[in-house]
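Read the structure below first, then the notes.
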Amino acid sequence: MYEIKVRDRLMELAGNKDVRLDTPPDNIPGDLSTNAAMVYGLKPQELVAEIEKMDSIESAAVVGPGFINIFLTDETKNREIGEIVKAPGDYAKGIAGGDILFEMVSSNPTGPLHIGHGRGAAIGDALARMYEWLGYKVRREYYVNDRGRQMDLLGESIFNIINGKAAPEQGYKGDYIKDIAAGFDPALNAEECAHKASEIILDTHFKVLKEFRVEYDSKFYETDLIRAGKVEETIDFLKKKGLTYKKDGALWLKTTTYGDDRDRVLVKKNGEFTYFASDCAYHKDKAQRHKEVINIWGADHHGYLDRLEAFWEAAGFKENKRLNDVLYQLVNLKRAGELISMSTREGEFVTLKEVIDEVGTDAARFFLLMRNSDTPLDFDVELAKEENKRNPVYYVQYSHARISSVFKKAGVKPGEVDPSAARQLGKEEDRLIKMVAHFPYILSKCVQLNAPHLLTEYLRDTATAFHKYYDTVKIVGSRKERARLALIMAVKSVIKNGLELVGVSAPDRM
RNA sequence: ACCCUCGUAGCUCAAUUGGAUAGAGCAACGGCCUUCUAAGCCGUAGGUUGGGCGUUCGAGUCGCCCCGAGGGUGCCA
């Protein structure tokens, strides 16, 4: 993990500030580069002298307006490959640590999950996997809003069906509602209908999510929070801090003091808690259980974040706890060149289940992670099903299968590769070696920016680097066969690890 | 009306968060299989980064003003 070591040393030299380690452009020689001297006003020559003291480094030089380009020794690069081969499943594991609660999806138990929820699940779960890999303790939690107006409507909708009445004005009318109602005892009242139906819908959500390879550690019910008196407790807590006031018969929280554009109601004038009130209680509970909280939200919730973050600060959690809200833009489904919008307003959904059934979990997860979360995503269903290089999932998986195939041809089991053979690697391998060795840095960037798409991007680039190498160099039967097998073993494991982190399988044959 | 997120090649997107000559894939055109999987590789072409002004050694990235797209502005969740 020479990149991480060099970066950490640079951070020390810069006075424990965040330092970026770059790869120089193709036309400029060097293995690594940094702009640390320019950014922090350090003397480049002094920095160069310090860098050159490191064992792993051959030389360093100041270039252009003050970039420092770094050359690694061949031994450093080759040793990295040898180390990966020694323990392929451990590469970059445990290099950080912490304790994080992830909340993701948390869709109301009133209707099916659609493809947008899939994006949230894919982002949250991939990040959770990465944090775990790096050594964090992670909990995945689903918050269940089993109370309030939407639940009432669900209950009424079902109650009306089993009693032969028309659905309420704003009620739920989908076929799934009729299917659920069909099994219900007509003696149930609306509240019982809501409860039973929501449990059925929630079970279905977890079944679909499991098929999507997202497994939760816990469910957290809003009604439990209320029953345990946590909402009152939180409101009292805020009252005592002098952060609330009465107006128009309701109780308000002064969120504007902390950056919100208007104050928010905690208790309605009819005495009921708002959704926001229980969410405050929920987040207080989260803060008590974990050091760090990451929430994954659809873009349609972004107007809500200011008030939640205002609460977080008002309650005093901001000082020693971290709240991170990751927002993702909506998903459009593309079929035969036509875009189908998934916005809630259109009311026209394609369910997550349908997409999984059509393209498979591998393609669905990879596609939903290919884009930066703050740009809308066009999900091309037909492309996801194609079996050629146009389809990025196949392209990456194919590189893994191809490597397995080379091992078969060589008559060597991947586990039997000699790590020390990597010492023979040379110039032809340089690019691919550096690509492989970039994996820990990419992971650390993904979690630093909560941006899992950097990993799918990296996997595509690594696959490309391998395919190019494969095409120019003969492995089996060459003089450097043993060394090259070590290298492609390292490539194989990085691709496998990376795919595992995004939740996609790495087949040995295709 | 206000707030948020965006606008990069014909299309879908990157660009290591202010760095070096803005990169990939698809689509178009031309090449490469008696050789480890051609589900692959190589080459050609394609750009005033929506427009303008600014900030500085340096701007796709930061600030302000326009234009355009999407989302949000409940005592709903």
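The values are calculated or read from the model by the stated rules, or taken from the named source; none is laboratory data. Note that this is a predicted model, so its numbers are computed, not measured. Please note: Cβ atoms are built from the backbone with ideal geometry, for glycine as well, and neighbour counts cover all protein chains shown. Heads up: the accessible areas ignore ligands, DNA and RNA and are worked out on the full protein's heavy atoms, side chains in. Shrake-Rupley method; radii C 1.70, N 1.55, O 1.52, S 1.80 Å.
At-a-glance table
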item	result
Average accessible surface area per residue within region A:2-72, 1.4 Å rolling probe, Å²	53
Estimated dipole of chain A in Debye, rounded to 20 [Cβ of Lys and Arg +1, of Asp and Glu -1, Cα centre]	880
Accessible surface, region A:388-502, averaged per residue in Å² (probe 1.4 Å)	43
Centroid-to-centroid separation of region A:101-180 and region A:204-261 [C-alpha atoms, Å]	17
Distance-filtered residues of region A:38-82 - backbone nitrogen under 19 Å, label point 7 angstrom along A:Asp418 Cα→Cβ	A:75, A:78-82
Cα gyration tensor, region A:388-502 - rounded (a/c under 1.5), prolate or oblate	prolate
Pairs beyond 20 Å (Cα-Cα), from A:Lys247/A:Lys269; A:Lys207/A:Lys492; A:Lys445/A:Lys468; A:Lys247/A:Lys284; A:Lys239/A:Lys269; A:Lys5/A:Lys496	A:Lys207/A:Lys492; A:Lys445/A:Lys468; A:Lys247/A:Lys284; A:Lys5/A:Lys496
Angle in degrees between helix A:439-449 and the longest Cα principal axis of chain A, rounded to the nearest 10	30
Potential lengthening between A:Asp248 and A:Glu75 on full extension [0.36 nm per residue; Cα-Cα distance subtracted]	54.9 nm
Chain A: angle of helix A:115-134 to the longest principal axis, Cα-based, in degrees nearest 10	50
Evaluated over region A:83-129, the Cα radius of gyration and Dmax, each in Å	16.1, 51
Crossing angle, helix A:481-502 versus chain A [Cα axis fit, 0-90 degrees, rounded to tens]	10
Region A:80-177 - accessible surface per residue (Å², probe 1.4 Å)	35
Ordering of A:390-402, A:317-329, A:432-444 by burial proxy (mean other Cβ atoms within 10 Å per residue, highest first)	A:432-444, A:390-402, A:317-329
Three-way shape call for region A:2-72 based on the alpha-carbon gyration tensor, with the a/c threshold at 1.5	rounded
Within the accessible area of chain A (1.4 Å probe), percent carbon and sulfur	47
Lys/Arg +1, Asp/Glu -1 at C-beta; region A:2-72 dipole; positive extreme among A:Gly41, A:Pro65, A:Leu13	A:Gly41
Relative contact order [Cα under 8 Å, 6+ residues apart], chain A, whole percent	17
Gyration tensor (alpha-carbon) shape descriptor, chain A, a/c threshold 1.5	oblate
Derived scalar couplings ³J(HN,Hα) [region A:197-214; Karplus, 6.51 cos²θ - 1.76 cosθ + 1.60; whole Hz; x for Gly, Pro]	5, 5, 5, 5, 5, 4, 4, 4, 4, 5, 5, 5, 5, 5, 4, 7, 6, 10
Cross-link pairs A:Lys210/A:Lys353; A:Lys17/A:Lys93; A:Lys17/A:Lys321 - those with Cα-Cα distance over 18 Å	A:Lys17/A:Lys93; A:Lys17/A:Lys321
Protection-proxy order for peptides A:479-487, A:4-12, each taking the mean of Cβ atoms within 10 Å per residue, highest first	A:479-487, A:4-12
Residues whose placed amide H lies under 5 Å from that of A:Lys137, excluding near-sequence neighbours	A:Gly98, A:Asp99, A:Ile100
